[in-house]
Amino acid sequence: MPKTPNNMPKSMSPPRYPDSQDIIAKLRFLPDEGQIWLGEQRVILMQVQTMATFRKEIINTMGIKRARGFFMRLGYYSGIKDAELAKEVRGQDMSIEDGFMTGPQLHTLRGLVKVVPIALEIAPEKQHFYAEFEWQDSFEVATNDTVLDHLKEPSCWMLLGYACAYSSQFMNQEIQYREVECRDCGDERCRIIGKPAQEWEDHEAFAALFREDPLIDELYELQSRIAYLEDDIARHRGDEEHRPIGKTPAFLGVLDLIDRAASSDVPIMLLGETGTGKEILAYRIHQQSDRANAPFIAVNCAAIPPELIESELFGVEKGAYTGAVQSRAGRFERAHGGTLFLDELAELSPRAQAALLRALQEKQIERVGGQTSQHVDVRIVAATHGDLAQRVEDGRFRADLFYRLNAYPVVIPPLRERRDDITLLATHFLERFEQQYRIKTLGFTDQATAALQAQTWPGNIRELQNTIERGVILAGENKSIDEKALFSHLKSYPARAERGKLLTSGGYIQTDSEHDNQANDAFLRTLCEDILAQGIGLEKLEETMLEYAYHESKGNVSAAARRLGLSRAALDYRLKKREMG
């Protein structure tokens, strides 16, 4: 085993560590919550004996060669994360040498090993790097002392993988280390040397250790082939964008309900808040039915102006009205033999409701401006986020149409009631947007994951999807998606970033992440009490809000709709109904 390389600097004073208080300040203990954080990464305390047992099982199961690569990759991932932390804490305020020393300090801080610097020389403009460190009291040597015989070869695998990854990520070039001395080999100490990869003769073979071994490669290859075939089938059948994701009992109960009814022709009504994935579930109904090979046609009733909804649903003949320059099939015709999904059903105009009821009763449609009827065989799935029963009671929706479409209602739980599904959905969207934008991130930080699960998600899955897309774009290539990338655009972000118990010199500080929501709820309750006490009815309240939003937006319907949380078409309909627009 070589003790010193030929190109080791002849005279180089040992580098010194910067003061560690800025790193220690990033360490937070939350004993009441069972959490420890270092920056945005959640960490754990683990007994060396436990790690020793784990190491022994891996070696016995995979063999020395594969185990070595496994533990080096484990350390490699940790090193990448710490390089991000080092750049964040010290990247702008210190010399490159002092900033680099963050990694060895973090290794020591975690209790993995005492890192004693011997030499460090960095010249980024020349792509030059040389580092030499001594490892004292390596935890990996200690694990071998407790449950394994000495391996007779360098055994600080995780530490070595960490050093390679940390240095490569910090320097933006591939750096490789070798453990040129190791106590497991009978040496008096453990010592490592790091240089640019190409300066090591065996750098290609060494780099292969950070890739999965042939057995794992083979498994991944098989998984990749299966995934490709599944994706190919999904693309062929239009499934990929319409695959429901979830494992919570509430969501699985919804899937069970729709699967039970899918093979029948009973109309299904999907009830749930905006953004809960009603179209995806409608497509699931279609795919589970005998109509799966026929068309699935979706129409958002709120997005179509009331005067055009009939022509959209039933088609139009040439010359039926100004602008009808050619005949056109409607959604019913296009869905013949398959499924028609009517989203935002509550927004249909009274005239459109009557026409829809007639089509459902007679299974006949007539194009606008047409003279003949034609038979259609369509399975209806409808959806609404409003209280349709209340609209029936108020006289704003036809009772006979409601009872025909509400034969099999299914209530979709909002995302805040599906906490265990948030991470699954976030991971799904992460993979989709990484592929779409051709960006490979390092995934979510633990704190970002915790923040995702803590949100109330008023916009449900659609809001989550938009948030993940933003995170992927802001994080960029080979970076972690942190909480700031996801939520910094929200006014309440600073409060969320400080949630939990933060370790300070004066003790623990408890901040309440639910404070804003509680305050809003209290305000709304007080407002409702005042409105009811004044004898103001719902119709009058809605009319006043519409009028106020419209005039405050200076007649801009789109701006007023955004303020009211409505689509432009929905607000336009309400304004025309009250002759306000």
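No lab work stands behind these numbers, since they all come straight from the coordinates. Note that the structure is a prediction, hence the values are computed from the model and not measured. All Cβ positions, glycine included, derive from the backbone under ideal geometry; neighbour counts span all protein chains shown.
Among L106, Q21, G34, whose Cα lies farthest out toward the positive end of the dipole of region 21-211, if unit charges sit on the beta carbon of Lys, Arg (+1) and Asp, Glu (-1)?
Farthest along the dipole direction, towards plus: G34.
Among rounded, prolate and oblate, which fits region 21-211 when a ≥ b ≥ c are the square roots of the eigenvalues of its C-alpha gyration tensor, a/c under 1.5 means rounded, and a/b larger than b/c means prolate? Mind showing how you got there, number by number?
On the way: a/c = 1.72, a/b = 1.09, b/c = 1.58.
Here region 21-211 falls in the oblate category.
Taking loop as defined by DSSP and a crowding limit of 14 other beta carbons within 10 Å, which trypsin sites (Lys or Arg not before Pro) in region 305-366 fit?
Answer in residue order: K318, K363.
What are the ³J(HN,Hα) couplings of region 123-128, residue after residue, when phi is run through the Karplus curve with 6.51, -1.76, 1.60 and θ = phi - 60°? Round to Hz, x for glycine and proline.
Using θ = phi - 60°, the values come out as 9, x, 5, 9, 6, 9 Hz.
If you add up the charges near R379, with Lys and Arg at +1 and Asp and Glu at -1, over every other residue whose beta carbon is less than 12 angstrom from its beta carbon, what do you get?
On the way: positive: R291, K363; negative: D265, D290, D377.
The answer is -1.
What are the lysines whose alpha-carbon lies under 27 Å from the alpha-carbon of K247, with same-chain residues fewer than 8 places away excluded?
K278, K440
For region 288-304, take each phi angle, set θ = phi - 60°, evaluate the Karplus expression 6.51 cos²θ - 1.76 cosθ + 1.60, and give the result in whole Hz per residue in order, putting x for glycine and proline.
Going residue by residue, I get 8, 9, 6, 9, 4, 8, 9, x, 10, 10, 10, 9, 8, 5, 6, 8, 10 Hz, with x marking Gly and Pro.
Note down, for region 516-577, the three equivalent ellipsoid semi-axes (square root of 5 times each alpha carbon gyration tensor eigenvalue), biggest first, whole angstrom.
Values: eigenvalues 115, 48, 17 Å².
Taking √(5λ) for each Cα gyration eigenvalue gives 24, 15, 9 Å.
Give me the net charge of A559's neighbourhood, meaning all other residues with Cβ under 12 Å from the Cβ of A559; Lys, Arg count +1, Asp, Glu -1.
Numbers: positive: K554, R562, R563, R568; negative: E552.
The answer is +3.
Based on alpha-carbon centroids, what's the gap between region 535-581 and region 74-91 in Å, whole number please?
Answer, in whole Å: 52.
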